[in-house]
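Report on the structure given below.
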Amino acid sequence: MAVESVISVKGLTKTFQGQPILRGVDLEVYEGEVLVILGGSGSGKSTLLRHMIGSVKPDEGSISLLGADICGMCESDLDEARKQIGVLFQSGALFSSKTIRENVELPLREHTQLRRDVIDAIVKVKLEMVGLREHADKYPAEISGGMRKRAGFARAIAMDPKILFCDEPSAGLDPVRSAELDRLIRTVSKNLGATCVVVTHEMDSAFAIADRMAMLDQGRIVAVENRAWFERLQQLKEDETVDMTERELLVRQFLRGDLEGPLSKREDAEGYERDLFGVKPLGEAAD
Ligand SMILES: Nc1ncnc2c1ncn2[C@@H]1O[C@H](COP(=O)(O)OP(=O)(O)O)[C@@H](O)[C@H]1O
Ligand SMILES: [Mg+2]
């Protein structure tokens, strides 16, 4: 069976205030998978995700979402394309003046012509999925951080999105709440048949939900492999690492949070870049 690519990112570059943030990102996301994008703080994960939902335009490169090129789209076409995606932002991003029910029904009221009673039923189903049906009439300030996250998740899936994007879903949650949300994301996206792109720097979370993982480092994807590949690297003993490439050592250090490794040797940045990518650093004269 051929696997369809639902997001295709090619040669994406983005510079903010003279600082290159994304430096040629290529990434395919396949239908029905949970892809986790890993990377250190400030490595450009959120920036990449914002490109994928069309809220930031690239300097160069292309992004195709469900077969449509979103880089050249006008706002109204983008709004149309966005009906097929759900986004869970880091904060949950609920409207504080609206109840949980009102927050979740918002996309349905804005983007569909469904009857009131149908919307009410859909909202009940979504709130039940995240265990919040009994809290529908509360305001965000009246529920816990974990519940707010789940409410944000219910809103993200209100429209049965084809693709679900989550940026650091477990940030700010305690380990148990965090694990609960991970499980919820995975089961709900599998039940809805939604493709899911999750950005995180938390390893437990990444390993709990990923089918495949992509690691972003210094504006480039250094590895995109299935979860087992990353698990194997993480578990390798020190004496088993002798034949590993610089790229594998770097990923391993990140996964394990080790103090020693290529990530800690960035002073030799130029040599590192040449090692990793076989290219000359910018500004260096050709032979
Ligand atoms: N709109 C923006 N304007 C200027 N700099 C930005 C903007 N968005 C992100 N950045 C910078 O890009 C870098 C990567 O940010 P981000 O994508 O949020 O990283 P991550 O999500 O991996 O922590 C950071 O140095 C950040 O300050
Ligand atoms: Mg971020």
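The values are calculated or read from the model by the stated rules, or taken from the named source; none is laboratory data. From a predicted model like this one, the values you see are computed outputs, not experimental measurements. Neighbour counts are summed over all protein chains in view; Cβ atoms, including those assigned to glycine, are modelled from backbone coordinates with ideal geometry. Ligands, DNA and RNA are excluded from the accessible area calculation, which covers all protein heavy atoms including side chains. Shrake-Rupley method; radii C 1.70, N 1.55, O 1.52, S 1.80 Å.
Condition test on Phe165, is it outside any strand (DSSP E or B) and either surrounded by 21 or more Cβ atoms within 10 Å (Cβ to Cβ) or in contact with a Ser or Thr (Cβ under 7 Å, 6 or more places away or on another chain) (or both)?
Working: outside any strand (DSSP E or B): no; either surrounded by 21 or more Cβ atoms within 10 Å (Cβ to Cβ) or in contact with a Ser or Thr (Cβ under 7 Å, 6 or more places away or on another chain) (or both): yes.
Criteria not met by Phe165.
Out of curiosity, is Ile63 within 16 Å of ligand 1 (Cβ to nearest atom) and assigned to a strand (DSSP E or B)? First the steps, then the outcome.
On the way: within 16 Å of ligand 1 (Cβ to nearest atom): yes; assigned to a strand (DSSP E or B): yes.
Taking the combined requirement at face value, the residue satisfies it.
Report every pair of residues separated by at least 6 positions or lying on different chains whose Cβ atoms are under 6 Å apart, first residue within region 31-52 and in the same structural domain as Cys166 (by TED's automatic domain parsing), second open to solvent by less than 10 Å² (accessible area, probe 1.4 Å) and part of a loop (DSSP other than H, G, I, E, B).
Cβ pairs passing all conditions: Val34/Ala210; Val36/Ala210; Gly44/Gly219; Lys45/Gly39.
Looking at (1) part of a loop (DSSP other than H, G, I, E, B); (2) buried (at least 17 other Cβ atoms within 10 Å of the Cβ), which one does Ala93 not meet, given that it meets all the others?
(2)
Identify all residues within region 31-60 that are under 16 Å from Gly219 (Cα atoms), within 18 Å of the chain's Cα centre (by Cα), part of a loop (DSSP other than H, G, I, E, B) and more than 10 Å from ligand 1 (Cβ to nearest atom); write none if there are none.
Lys57, Pro58
Would you mind finding the one in Ser97, Ser144, Ser189 that is hydroxyl-bearing (Ser, Thr, Tyr) and under 19 Å from the mean Cα position of the chain (by Cα)?
Details: Ser97 fails: under 19 Å from the mean Cα position of the chain (by Cα); Ser144 fails: under 19 Å from the mean Cα position of the chain (by Cα).
Unique residue meeting the criteria: Ser189.
Within region 35-55, does at least one residue satisfy the condition of being away from ligand 2 (no atom under 16 Å from the Cβ) and open to solvent by 20 Å² or more (accessible area, probe 1.4 Å)?
No: region 35-55 contains no residue that is away from ligand 2 (no atom under 16 Å from the Cβ) and open to solvent by 20 Å² or more (accessible area, probe 1.4 Å).
Would you confirm whether any residue within region 219-236 is open to solvent by 20 Å² or more (accessible area, probe 1.4 Å), within 16 Å of ligand 2 (Cβ to nearest atom) and not in a strand (DSSP E or B)?
For region 219-236, residues open to solvent by 20 Å² or more (accessible area, probe 1.4 Å), within 16 Å of ligand 2 (Cβ to nearest atom) and not in a strand (DSSP E or B): absent.
Which residue pairs have Cβ atoms under 7 Å apart, sit 6 or more places apart or on different chains, and have a first residue in region 102-116 that is within 20 Å of Leu132 (Cα to Cα) and a second that is open to solvent by 80 Å² or more (accessible area, probe 1.4 Å) and modelled with pLDDT under 95?
From residues that are within 20 Å of Leu132 (Cα to Cα), the pairs are Asn103/Phe95.
Residue by residue through region 206-237, note down the ones that are polar (S, T, N, Q) and either under 12 Å from the mean Cα position of the chain (by Cα) or on the phi > 0 side of the Ramachandran plot (or both).
Pass one, region 206-237, residues polar (S, T, N, Q): 218, 226, 234-235.
Matches in region 206-237: Gln218 only.
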